[in-house]
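S.K.: Supplied in C-alpha cells, the structure appears directly below.
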C-alpha cells in the first residue's frame, strides 16, 4: 500500500486545524484569566480588535488607551530594572573598595616568619606585632619577656601579668596554713623562711588563755632572732581574749625571712595563720 497520499492528507488537516486555532474569534464575554486560560483561540470583538485583560482583572479591547497603559507599565518596569542595576553597580564598587582595603591591611601585618630579637623597626606604618615589644629606646622590636606562672615574678626577664582570679595573692589554690600553739615567752617561729620568697599573711586568728601581749614579727636565724622586725605592735589580750583579722596578703615579711610570733609572757595562745609563700610580687 502506498502511504504517501494518506500522510499528505493528514498533514494538510493538521495545518488547517492549527491555522484555525490561531484565528481571532469574536467573543462578547468579558475576558478574565479564569475564563480565558483554557481558550484555544484569540478572542476579539465584533470589529476584529483583540480583547485583553487589564491589570487587576479588568477587561478591555486592545485600544490605543489600553496599549498606552500597558506600555507605561513596561516603561516603569524598565526604569525599576535600570535603577536596580545602578544600585548593583554601586554595591559592586564598594565591594571592590573593601577588597582593596583588606589587601592594604594584610600588607601591614608581618610575614609568617618570626623576626629575630632586636629587629629594627620597619620604615612604613605596621600593625603592632603581638608577641614583640619596643625596647627602651623605641628603635627596635624585642621578644617580649615571658609571663611567669603562679608566682608573678617581676624581674629583668619576666613580666608580671594577671590572667585569672587565681593570680590573687591569697587565692585558695596557693594558700597554706600553720597552727599557732605555744606558751613560750619570747619569739616562736610559725613559718620557716625560703630563699628568694616572701611570706604573705592572709588570715590570722588567735585566742589567749590569760592576759598577754602578742606581736607578729619576721627575721632570720633561730626564731627570727637575727634582723628581728616588728610587723605589728604588741596587741594586749585579756584572758580568753582573741585577735582575728583578714590581711589578704597585705601583711608580709621581707624576702627570705621567717614568720614568727612574740609573747610578752608564758601564756598559752592557740590559733591559726593562713599564708602564701611566693616570690616577691
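We did not get these values from a lab; they are worked out from the coordinates using the rules stated. Predicted model, so just to flag it, every value in this text is computed and none were measured. Please note: Cβ atoms are built from the backbone with ideal geometry, for glycine as well, and neighbour counts cover all protein chains shown.
S.K.: Can you tell me which of 203-212, 180-189 comes out highest on packing, and rank the rest after it, using the mean Cβ neighbours within 10 Å? Please report the intermediate quantities before stating the final value.
M.R.: Details: 203-212: 17.9, 180-189: 16.1.
Per-residue Cβ counts within 10 Å, averaged per peptide and sorted highest first, yield 203-212, 180-189.
S.K.: Nearest 0.05, what FRET efficiency do residue 171 and residue 266 give at R0 = 41 Å with Cβ-Cβ as r?
M.R.: Details: r = 37 Å, r/R0 = 0.91.
Step by step, r from the Cβ atoms, then E = 0.65.
S.K.: Right, next: If each of residue 181 and residue 105 carries a label point 7 Å out from its Cα toward its Cβ, how far apart are those two points in nm?
M.R.: That separation, rounded to one decimal, is 6.6 nm.
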